[in-house]
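Okay, so here's the structure we're looking at.
The values are calculated or read from the model by the stated rules, or taken from the named source; none is laboratory data. Since the model is a prediction, treat every value here as computed from it, not as a measurement. Cβ placement follows ideal geometry from the backbone for every residue including glycine, while neighbour counts extend to all protein chains displayed. Keep in mind that these areas ignore ligands, DNA and RNA; they rest on the heavy atoms of the full protein, side chains included. Shrake-Rupley method; radii C 1.70, N 1.55, O 1.52, S 1.80 Å.
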Amino acid sequence: MRGLPLFPDMYPQILHGLPAMPVFHMRGGTSTGIVLWDAHLPQEVSLREELVRHLMGVPQEGTTPRNRQTTGLGRGAPTSNKVFLMKHHQGADADFDSTLAQLAADHARIDWGVNCGNMSAALPLYLLQTGLAEPATPETQLRIWNTNTRKLTDMRMPTPFEMATIPGVPGRFPSVELVLRDPVGARTGSLFPTGNRQDCFDDVPVSCVDVAVPMVIVRATDLGYTARESVASLQADPGLMARLRSIWVQAGLRMGLKTAAGAPMTEAELAQSETVPKICMVGPGDGDSDIHVRYFTPQAPHSSMAVTGGCCLAVAALLGGTVAFETVSQSQRSRTGASSMTAQIGYEPVVVRIGNPAGVLQATVSGYESGSEVTIPWVSYQRSAQVLLQGLAPIYQASDALMLFFESRHAQALSGRH
């Protein structure tokens with residue numbers, strides 16, 4: 001059948017009486033998770049979600065506090081609880097579709113409403129490894145449409161592979177360049193979803209910006225911090241997390257954030273959200289960076305910096321009137337050769353260097369500003385990727401309905417129709 005990975009044993013089947021699912025356990029950037037071929041999964045959403053939960057080792061229902069995911073491939077942190085589903089794109093404007101399921105270790109809820117820029121870097125390697133994409137010289141170029149955000153990413157992978165290092169990942173691995181096309185308004189349809197470049201919640205000035213992901217930007221000093229604290233110290237401060245939660249809930253309501261089904265998110269849903277809005281504290285950069293950040297997912301501080309959030313912060317740092325722009329010092333703006341970073345929009349693409357716990361993330365912004373109108377054609381960044389393991393993952397406690405699906409697919413395989 002067209003579109004299935006070219007490994008003869010890589011299809012849903014029954015092994016020793018257990019259903020088994022073809023799985024690629026991968027790293028993209030500083031995130032880890034699994035990549036699945038969409039046609040391998042049941043069509044029913046409830047069965048898809050059951051299967052994904054089994055694979056990652058999260059509760060099938062309700063919550064399990066301090067769940068260590070010992071029965072699955074997840075690793076506890078939100079950055080290691082990502083599942084991408086891949087399939088061919090229908091139409092000439094893209095090559096493949098990607099759909100992200102974002103999970104959390106301690107509960108059964110799955111968020112289908114966001115993308116992950118880090119984990120996306122694993123997708124070209126997956127497509128090459130399975131034979132779904134043909135390598136080209138000097139690089140393989142793929143256009144991948146993300147169904148969660150309805151945004152297109154150009155992905156370029158040197159083939160043969162070129163090894164690269166990135167902050168937060170020791171060693172050298174295959175390099176991937178990702179270019180987010182028209183990233184503004186990924187979730188809300190607007191660059192400034194509240195209509196303002198600054199708002200105030202709990203007497204704290206913030207900027208609400210939606211580029212690749214909706215994010216709330218706060219000056220660290222307004223919360224008594226510097227944006228250079230350790231991740232552990234931030235996580236251990238319940239007072240800080242309570243203040244941030246209050247701010248992101250108010251901001252999310254003002255931004256008009258919606259669920260994947262299109263309903264306005266409630267205060268309770270925003271308070272529990274693992275994905276939107278992101279929130280970050282920013283401080284001045286140094287000689288190696290233009291701005292420093294401590295980024296939250298939002299329920300926990302990030303060990304480095306998500307690249308979607310990095311792209312959002314990079315754009316905000318270039319736009320006058322935002323908290324991010326005001327945090328970038330004049331000396332750092334002078335690095336661009338202009339009196340202000342905003343003046344650069346409309347000329348050559350600008351590299352913004354973002355200091356974070358793992359090092360410096362560089363995002364390149366192309367755009368122009370005319371009066372109050374801002375256009376951002378693309379933002380790009382470089383990541384690396386690797387295959388951690390590929391094979392068949394047994395499902396030990398499948399429901400009767402999920403077992404029936406696997407039995408049907410196994411029978412098709414035996415008849416040569418997989």
task = Beta carbons within 10 angstrom, averaged per residue: use that to sort the peptides 59-65, 19-25, 306-312, 188-194, highest first.
result = 306-312, 19-25, 188-194, 59-65
query = Nearest 0.05, what FRET efficiency do Leu18 and Asp202 give at R0 = 56 Å with Cβ-Cβ as r?
reply = 0.60
query = Hey, can you rank 275-286, 172-183 by average C-beta count inside 10 Å, highest first?
reply = 275-286, 172-183
request  = Measure out, as a whole number of angstrom, how far apart the alpha-carbon centroids of segment 68-114 and segment 10-39 sit.
outcome  = 12
task = Express in nm, to one decimal, how much length is gained between Arg181 and Thr266 on full extension, taking 0.36 nm for each residue of separation and deducting their alpha carbon distance.
result = 27.6 nm
Charge context of Arg172, other residues only, Cβ under 14 angstrom, K/R +1, D/E -1 = +1
key: segment 194-271 - charge dipole about Cα centre, Lys and Arg +1 at Cβ, Asp and Glu -1, debye rounded to 20   = 160
remark   = Toy charge model, Lys and Arg Cβ at +1, Asp and Glu Cβ at -1: segment 57-133 dipole around Cα centroid in debye, rounded to 20, equals 360
request  = Among DSSP beta bridges whose residues both lie in the chain, state the antiparallel percentage, nearest 5.
outcome  = 85
request  = Return the calculated 222 nm mean residue ellipticity for the chain, to the nearest 500 deg cm²/dmol, obtained by summing -39500 (n - 2.57) across DSSP H runs with n ≥ 4 and dividing by the residue count.
outcome  = -6000 deg cm²/dmol
task = Enter the accessible area per residue of the chain (Å², integer; probe 1.4 Å; all protein chains in place).
result = 40
ask   = Counting Lys and Arg as +1 and Asp and Glu as -1, each charge on the Cβ, what is the dipole of the chain about the Cα centre in debye, to the nearest 20?
value = 380
remark   = Ordering 119-125, 290-296 by per-residue average of other C-beta atoms within 10 angstrom, highest first, gives 119-125, 290-296
ask   = Given 0.36 nm per residue, what is the gain on full extension from Thr70 to Thr221 after removing their alpha carbon distance, in nm?
value = 50.4 nm
task = Could you work out how far helix 45-56 tilts from the main Cα principal axis of the chain, as a 0 to 90 degree angle to the nearest 10?
result = 80
key: Percent accessible area from carbon and sulfur atoms, the chain, protein chains only, probe 1.4 Å   = 51
query = For labels at Asp154 and Ser190 in the simple 7 Å Cα→Cβ model, what's the distance in nm?
reply = 3.0
remark   = Note: Ser233 to Thr147 extended length (0.36 nm per residue) minus current alpha-carbon separation gives 27.4 nm
message = Contact order normalised by length for the chain, with contacts defined as Cα pairs under 8 Å and 6 or more residues apart; what percent is it?
response = 19
ask   = Could you give the nm distance between label points at Asp286 and His88, where each point is 7 Å from its Cα heading toward the beta carbon?
value = 5.2
task = May I ask you to evaluate 6.51 cos²θ - 1.76 cosθ + 1.60, the Karplus curve with θ = phi - 60°, for each residue of segment 163-180 and list the ³J(HN,Hα) values in order in whole Hz, giving x for glycine and proline?
result = 8, 9, 10, 9, x, x, 10, x, x, 10, 9, x, 7, 9, 9, 10, 10, 7
ask   = Over segment 1-110, what relative contact order in percent results from Cα pairs under 8 Å that are six or more residues apart?
value = 24
inquiry  = Give me, ordered by chain and number, the residues 5 or more places off Asn148 or on other chains with an amide H under 5 Å from its own placed amide H.
reply    = Leu100
inquiry  = Give me a comma-separated list of calculated 3J(HN,Hα) values for segment 23-35, in order, Karplus coefficients 6.51, -1.76, 1.60 applied at θ = phi - 60°, integers in Hz, x for any Gly or Pro.
reply    = 9, 10, 8, 9, 10, x, x, 9, 10, 10, x, 10, 10
query = If you count the DSSP beta bridges with both ends in segment 19-120, what percent of them are antiparallel, to the nearest 5?
reply = 75
note = Taking the dipole of segment 343-418 about the Cα centre (Lys, Arg +1; Asp, Glu -1; charges at Cβ), the one of Ser380, Gln397, Val360 that reaches farthest to the positive side is Gln397
